[in-house]
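See below for the structure under consideration.
Read the figures in this text as sums done on the coordinates, not as results from a lab. The model shown is predicted, which means the values in this text are computed figures rather than measured ones. Note: ideal-geometry Cβ built from the backbone for every residue, glycine included; neighbour counts use all protein chains shown.
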Amino acid sequence: MNISVRKFEPKDAETLSQIQLDSFKTFLGDRITEMVPSEEWCKVAAVKNEKAENAIFVAEQNGSVVGFISASADLRRGLGVLNVIGVDPECHAKGIGSALFEAAEKFWTDRKMRKVWTCVSSINPKAQIYYLKQGFTPEGRWRDHFFDGIDEILLAKFYRQPNPS
C-alpha cells in the first residue's frame, strides 16, 4: 500500500469535509449530519503569524485523498493542538492515521512545542487506542461537551517534561 502525505491544498476542502463526516458517523451515528464547511478548511490552513501557526496534512493513496490531520501551534506557549483527524472508514487500520500523525509531529517538533493536547469522544474506543499508541495520556474529561450525554476525554503528549511545581 502506497500512502503519501502532503500539505493541504484548497482543492482538497470538499473531500476533507466528506471524510470528516463519514469518519465521525462511524461512532456518532445519526447525531452528526454536517461537518466543517469546505471554505473553513482554507481559513484554518491560512493561519500563520508570530503567535500561531496551523497546518493541515492530507494522506493520499493511489491518487485519492483518504485522510487528513489538522494541527496547530501556539508559538508563544509551546502548546500544540491536534484539532481533528479523519480517515476514510474504508481505509481504517492501514497505517494512514499513523502516517498523518508523523507529519503533524514533525510540524510540532520543528516549532519546539513542549506539549500537544487533543480530545477524543468517550464513545470512540478505536480513536482512544489510536491516541494511546501515539503516546498520548489521559489528563481529564469534559462532561457532555460536544453532544448531550457524550463526554470528551482530554489527552496530552509531552515533548519536554513539565517543570516540577
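For region 119-165, name all the residues that are of a type outside the set (A, V, I, L, M), farther than 18 Å from ILE32 by Cβ and assigned to a strand (DSSP E or B).
Selection gives THR137, PRO138, GLU139, GLY140, ARG141, ARG143, LYS157, PHE158.
Can you name every residue in region 76-104 that is more than 14 Å from GLN61 (Cβ to Cβ) and among the polar types (S, T, N, Q)?
Hit for region 76-104 is ASN83, nothing else.
Could you tell me whether GLY135 is small (Gly, Ala, Ser), more than 28 Å from ALA13 (Cα to Cα) and within 15 Å of the chain's Cα centre (by Cα)? Give the steps one after another, and end with the answer.
On the way: small (Gly, Ala, Ser): yes; more than 28 Å from ALA13 (Cα to Cα): yes; within 15 Å of the chain's Cα centre (by Cα): yes.
For GLY135, the condition - small (Gly, Ala, Ser), more than 28 Å from ALA13 (Cα to Cα) and within 15 Å of the chain's Cα centre (by Cα) - is met.
Which condition number in (1) over 13 Å from the mean Cα position of the chain (by Cα); (2) more than 18 Å from THR26 (Cβ to Cβ); (3) not acidic (Asp, Glu) is the one that PHE101 fails?
Exception for PHE101: condition (1).
Conditions first: (1) in contact with a helix residue (DSSP H, G or I) (Cβ under 6 Å, 6 or more places away or on another chain); (2) farther than 25 Å from GLY135 by Cβ. ASN62 passes all but one, so which condition is the exception?
(1)
Enumerate the pairs (first residue in region 90-105 and of a type in the set (Phe, Trp, Tyr); second residue anywhere and buried (at least 19 other Cβ atoms within 10 Å of the Cβ) and not in a helix (DSSP H, G or I)) with beta-carbon separation below 7 Å, excluding pairs fewer than 6 apart on the same chain, so at least 6 apart or on different chains.
PHE101/ILE69; PHE101/GLN134
For region 135-145, state whether one or more residues are among the β-branched types (Val, Ile, Thr) and either within 17 Å of ILE69 (Cα to Cα) or buried (at least 17 other Cβ atoms within 10 Å of the Cβ) (or both). Give the derivation first.
Quick first cut of region 135-145, residues among the β-branched types (Val, Ile, Thr) only: 137.
Remaining after also requiring either within 17 Å of ILE69 (Cα to Cα) or buried (at least 17 other Cβ atoms within 10 Å of the Cβ) (or both): none.
Within region 135-145, not a single residue is among the β-branched types (Val, Ile, Thr) and either within 17 Å of ILE69 (Cα to Cα) or buried (at least 17 other Cβ atoms within 10 Å of the Cβ) (or both).
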